[in-house]
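Novice: This is the structure I have questions about; it appears just below.
Each reported figure results from applying straightforward, stated rules to the coordinates on display, with no laboratory input. In this text, all values refer to a predicted model and were calculated from it rather than measured experimentally. Cβ sites come from the backbone with ideal geometry, for glycine too, and all protein chains shown count toward neighbours.
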Amino acid sequence: MIPEIEQLLNDQIKYEAKASAQYLSMACWADTRGYNGIADFFYTQSEEERVHMTKLVKFINERSGNAVIPAVDKPRDDFKSLMELFETFLESEEFVTEKINNVIYECLKHKDYNVHNFMQWYVAEQLEEEATARTLLDKLKIIGDDKSGHYLFDRDINTFQAPEQAN
Ligand code: FEO
C-alpha cells in the first residue's frame, strides 16, 4: 500500500471514530431530555459511523497495511438547543465529506485506483448523510421554537428521508 494513502486512510479511521463518538454523545443528550426519537436516530448514526470505521480498518489490514486504532477526544455534549444539535450533525458530515474528497484527490494523484474504487462507497454514503442532515436542519428551521413542533419532529424523525434518498 502506498504509505501516503495508508496514512490518509488511517486518518479517515480517526474521523469516523470521532463522528461515531459525537453521535453517541448527541444520542445521550437527546435521551436525557425526553427526545427518544432523536436519541434513536443518533444511536443508529453512531453505529453506522462505527461500521464506516471498521470497513476502513479491514480494508487496510487485508492489503498488508497496518490499521491504527486512535484515541478519541471527548465529544461535545454542551448543546443549547435542538438546532445546535443538528447544526453540529451537519458540520460533522461536511467535515467528513471534505476529508473523503481529499483521499479521492490523493488517490488520483498517486494513481491508486484500487483505493479510489473502494472510496466510492464512502462518497455515495456521504451524499446521503449530508442530505439527511440538511433535510432535518431545514425542518427544524421551519419549526423554530415551537414546542409542539419539536414534539412532532422527535416523534417522526425516523420516518424522514432526504429528497435524494426518497423515490
Ligand atoms: Fe462516515 Fe457520516 O461519516
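Novice: Using square roots of five times the C-alpha gyration tensor eigenvalues, list the equivalent-ellipsoid semi-axes of segment 20-93 in whole Å, biggest first. Working shown, then result.
Specialist: Values: eigenvalues 162, 28, 19 Å².
Equivalent ellipsoid of segment 20-93: 28, 12, 10 Å, largest first.
Novice: At 0.36 nm per residue, minus the direct Cα-Cα distance, what do residue 80 and residue 40 gain on full extension? Give it in nm, one decimal, please. Provide the component values of the computation, followed by the final result.
Specialist: Details: separation 40, 0.36 × 40 = 14.40 nm, distance 1.94 nm.
Computed gain between residue 80 and residue 40 is 12.5 nm.
Novice: Starting from the Cα of residue 101, step 7 Å along the direction of its Cβ; do the same at residue 146; then give the gap between the two resulting points in nm.
Specialist: 3.4
Novice: Quick one: which residues, 5+ away or cross-chain, put their amide H under 5 Å from the amide H of residue 67? H built at 1.01 Å from N.
Specialist: 61
Novice: Taking segment 72-136 on its own, what percent of its Cα-Cα pair distances exceed 19 Å? Walk me through the numbers before you get to the answer.
Specialist: Details: 935 of 2080 pairs.
Tail fraction, whole percent: 45.
Novice: What lysines does residue 147 reach when the alpha-carbon gap must be under 19 Å and sequence neighbours fewer than 8 apart in one chain are set aside?
Specialist: Within reach: 80, 139.
Novice: So if each residue of separation counts as 0.36 nm, and I subtract the Cα-Cα distance between residue 73 and residue 4, what length gain in nm does that give?
Specialist: 22.4 nm
Novice: Going Cα to Cα from residue 111, which lysines come in below 21 Å? Please leave out same-chain ones fewer than 8 positions away.
Specialist: Excluding near neighbours in sequence, the set is 99.
Novice: Enter the Cα centre distance for the pair segment 1-50 and segment 76-125, rounded to the nearest angstrom.
Specialist: First find each Cα centre; the distance between them is then 12 Å.
Novice: Which of the peptides 84-90, 66-72 is most tightly packed, and how do the rest follow, judged by the mean count of other Cβ atoms within 10 Å per residue? Walk me through the intermediate numbers first.
Specialist: Numbers: 84-90: 19.0, 66-72: 12.3.
Packing proxy ranking, top to bottom: 84-90, 66-72.
Novice: Additional query: Kirkwood Rh over Cα pairs of the chain into Stokes-Einstein at 10 °C, 1.306 mPa s: D in µm²/s? Before the final figure, lay out the partial values.
Specialist: Working: Rh = 16.8 Å.
So the translational diffusion coefficient is about 94 µm²/s.
Novice: Which aspartates and glutamates have a Cα less than 19 Å from the Cα of residue 58, not counting those fewer than 8 places away in the same chain?
Specialist: 4, 6, 11, 16, 47, 48, 49, 112, 125
Novice: Let me ask another. Quick one: dipole size for segment 53-152, taken about the Cα centre, charges +1 on Lys/Arg Cβ and -1 on Asp/Glu Cβ, in debye to the nearest 20.
Specialist: Numbers: 13 positive and 19 negative charges, 75 e Å.
Result for segment 53-152 is approximately 360 debye, rounded to the nearest 20.
Novice: Let me ask another. Could you check the spin-label model distance between residue 58 and residue 109? Points 7 Å from the Cα along Cα→Cβ, value in nm.
Specialist: 3.0
Novice: Where does the chain land at 222 nm, in deg cm²/dmol rounded to the nearest 500, when only DSSP H runs of n ≥ 4 count, each adding -39500 (n - 2.57), divided by all residues? Let's see the in-between values first.
Specialist: Values: 5 runs with 125 residues, N = 167.
Computed mean residue ellipticity for the chain: -26500 deg cm²/dmol.
Novice: While we're on this one: Which is farthest toward the positive dipole end of the chain among 3, 153, 26, measuring Cα position about the Cα centre, with Cβ charges +1 (Lys, Arg) and -1 (Asp, Glu)?
Specialist: Working it through, the farthest residue towards the positive pole turns out to be 3.
Novice: Follow-up question, since we're still on this one. Rounding to the nearest 20 debye, state how big the charge dipole of the chain is about its Cα centre with +1 on each Lys and Arg Cβ and -1 on each Asp and Glu Cβ. Please list the in-between numbers first.
Specialist: On the way: 18 positive and 31 negative charges, 50 e Å.
Rounded to the nearest 20 debye, it is 240 debye.
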